Amino acid sequence: MSHPDQVAGQPVVFRNGTVLTMDDAHTVLAGGDVLVVDDRVAAVGTALDVPEGTLEVDATGGIVLPGMIDTHRHMWQTAMRGYGADWTLTQYFVWYYLEHGRAFRPEDVHAGNLLSAWDALEAGVTTTVDWSHGLQTVDHAEAAVDALQAVPGRFVLAYGNIQAGPWEWATDPAVQAFLERRRTGAGDRLGFQLAFDVTGDPAFPEKAAFEAARELGLPVTTHAGVWGATNDEGIRLMHEHGFMTPETVYVHAATLTTDSYHRIAATGGSISVSTESEQSAGQGYPPTWQVRRHGIPVSLSMDTSVWWSSDLFSAMRTTLGADRSREHLEAHAKGETVTQVHLRAEQVVDWATRGGARALGRDDLGSLEPGKKADVVLIRNDDSPVSFPLLNPYGHVAFQAQRGDVHTVLVDGRMVKSGHRLVGADLPAVRATLDATVEHLRSTLGEEAWAAGMNPATPDDEVLDNPYTYTEYKSDSTHDARGTVFGEPGSSA
Ligand SMILES: [Zn+2]
């Protein structure tokens with residue numbers, strides 16, 4: 001079956017799909033249509049009348065949902081896709097912050113962003129916050145924004161620079177002039193934030209950066225509650241100086257105490273949970289299990305493809321898994337059985353759509369309702385046995401679907417993926433710029449450092465004594481060791 005291209009400005013109607021509107025009531029329409037005219041959702045219903053010349057997209061057997069929103073992705077690092085698969089957070093910090101981050105030229109940031117931007121759209125992520133902390137110079141920043149504007153998605157450049165203190169770069173007149181210039185006339189497919197972390201230094205040097213953000217009228221996004229890096233002190237300083245606002249986004253927020261969650265909840269901010277990241281890098285346990293007790297809004301994010309996936313299907317899946325895993329583990333430590341789980345598939349689909357819109361202050365995104373911006377995703381793959389039966393649409397999105405099942409994607413009413421293929425992406429050209437970046441980094445680092453970075457040392461663990469193999473007894477510490485942090489099941493330890 002062929003999929004005709006949309007002519008510029010042509011209305012589009014999705015016909016006869018299961019429509020997850022993600023409106024306030026979470027209305028689900030069976031056999032539903034979604035009509036897009038210009039950059040807006042014009043109508044949602046069944047058997048809709050559409051303007052003459054409307055492009056029809058058959059959504060039979062598929063799921064139509066709002067475009068997904070990733071609130072924290074270091075897009076420049078996609079140039080190193082998969083390189084750090086076995087890193088810890090410490091190894092990441094050493095590689096990027098201390099040793100090799102400075103090797104990235106503006107064209108390398110451009111290459112990473114270009115790849116990441118298409119990657120997001122291909123997966124149905126229509127809005128991505130580019131947590132861009134490799135902007136060593138304004139030239140790097142220009143390159144980052146040029147790449148984002150070369151791709152027909154919706155992006156937020158969160159300006160950052162790990163090579164200098166935020167009190168330095170955020171107050172730099174050249175940086176501020178850049179932000180003013182690139183904001184002007186950028187349209188609503190490009191937003192801006194400031195991205196920096198608060199170390200908890202009692203002198204609170206980050207104050208100047210918060211003041212700059214306020215002056216510029218830009219929200220702040222900050223890695224908070226990251227084990228070994230940021231903690232309650234940072235939150236307390238932000239709060240006491242009046243810099244915690246509803247548009248502040250706290251990334252990870254995994255190792256904070258109740259006091260900090262109260263401060264976040266009371267000031268209306270939101271938390272961007274990057275479960276795949278938190279699970280393997282070590283920022284702390286993915287915090288949804290405790291965040292829900294504070295009523296803090298949540299959005300989802302993928303963090304960086306130097307390790308992880310870049311689609312929100314992975315985020316929804318791992319977030320459900322981590323939350324439920326924790327619930328079961330804690331119950332088992334008390335000798336109990338969980339018979340009902342808290343976190344639902346419907347909730348993570350909400351976080352991946354509405355949650356992101358709320359975090360970005362964009363109430364025109366995140367749901368399919370007349371008048372909303374037309375960022376729409378159709379999940380449909382007739383060639384896949386995983387596409388049927390379609391019984392529980394939220395469960396299907398969260399646990400069954402994957403990026404290859406994303407059939408059609410619209411951003412701002414424009415078709416950017418059709419019939420499982422990106423529209424207007426010159427991937428061979430993107431690949432050529434990536435090849436040049438990898439070649440540059442590899443030759444700058446040298447073969448030895450390049451290989452060492454990808455193959456971090458592993459801890460040398462002893463294999464436990466096993467009484468059933470009649471090995472000679474070696475030590476108490478390995479003979480009886482149990483692999484649990486919660487003690488013996490049923491004990492009060
Ligand atoms: Zn991050």
Using 10 Å bins from zero, what percent of all Cα-Cα pairs in the range 38-147 falls into each bin? 12, 33, 25, 15, 12, 4
Mean Cβ count within 10 Å, highest first, over the residues of peptides 431-439, 409-417: 409-417, 431-439
So if each residue of separation counts as 0.36 nm, and I subtract the Cα-Cα distance between ARG293 and GLU448, what length gain in nm does that give? 51.0 nm
Please state the shape class of the range 181-314: rounded when a/c is under 1.5, otherwise prolate if a/b exceeds b/c and oblate if not, all from the C-alpha gyration tensor. oblate
Efficiency of FRET between THR171 and GLU462 - r from beta-carbon atoms, R0 51 angstrom, step 0.05: 0.45
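Between THR337 and THR469, 0.36 nm times their residue separation minus their Cα-Cα distance comes to what?
Here the answer is 44.3 nm.
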With every protein chain left in place, what is the accessible area of GLU276 in Å² (1.4 Å probe, nearest 10)? 30
I'd like the distance between the alpha-carbon centres of the range 45-94 and the range 302-318, rounded to an integer number of Å. 10
If I take R0 = 25 Å and measure r between the Cβ atoms of THR27 and PHE388 in this structure, what FRET efficiency does the formula 1/(1 + (r/R0)^6) give, to the nearest 0.05? 0.65
Taking the Cβ of SER274 as the centre, find all other residues whose Cβ is under 12 Å away and add up their charges (Lys, Arg: +1; Asp, Glu: -1). -3
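Taking the radius of gyration and the Kirkwood hydrodynamic radius from Cα positions alone, what is the Rg/Rh ratio for the chain, to two decimal places?
0.99
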Kindly provide log₁₀ I(q)/I(0) values, in the same order as q = 0.16, 0.22, 0.27 Å⁻¹, from the Debye equation applied to equal alpha-carbon scatterers of the range 1-71. -0.56, -1.00, -1.31
For the chain, what is the accessible area per residue in Å², given a 1.4 Å probe and the full set of protein chains? 42
Given R₀ = 51 Å, what would the calculated FRET efficiency be for GLU52 paired with ALA208, taking r from the Cβ atoms and rounding to 0.05? 0.35
Grab every C-alpha pair in the range 273-420, bin the distances at 5 angstrom width from 0 up to the longest one, and report whole percents. 2, 9, 15, 20, 20, 16, 10, 5, 2, 1, 0
Here the net charge surrounding LEU410, from other residues whose Cβ is less than 9 Å away from its Cβ (Lys, Arg +1; Asp, Glu -1), is 0
Need one number: nm distance between label points at LEU329 and ASP201, each 7 Å from Cα along Cα→Cβ, rounded to one decimal. 3.4
Please state the shape class of the range 339-426: rounded when a/c is under 1.5, otherwise prolate if a/b exceeds b/c and oblate if not, all from the C-alpha gyration tensor. oblate
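Give me D for the range 54-119 in µm² s⁻¹, whole number, from Stokes-Einstein with Rh from the Kirkwood sum over alpha-carbon pairs, 10 °C and 1.306 mPa s.
107
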Across every pair of different alpha-carbon atoms, what Kirkwood hydrodynamic radius in Å does the range 169-212 reach? 12.0
Hey, what's the per residue convex hull volume over the C-alpha atoms of the range 221-269, in cubic angstrom? 60
Euclidean distance between Cα centres, the range 128-198 to the range 365-410, Å: 31
Can you send over the carbon and sulfur percentage of the accessible area for the chain, probe radius 1.4 Å, protein chains only? 52
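The values are calculated or read from the model by the stated rules, or taken from the named source; none is laboratory data. Every value quoted in this text rests on a predicted model; they were computed, and no experiment measured them. Cβ: placed from backbone, ideal geometry, glycine included. Neighbour counts: every protein chain shown. Just the protein is used for accessible areas: all its heavy atoms, side chains included, with ligands, DNA and RNA removed. Shrake-Rupley method; radii C 1.70, N 1.55, O 1.52, S 1.80 Å.
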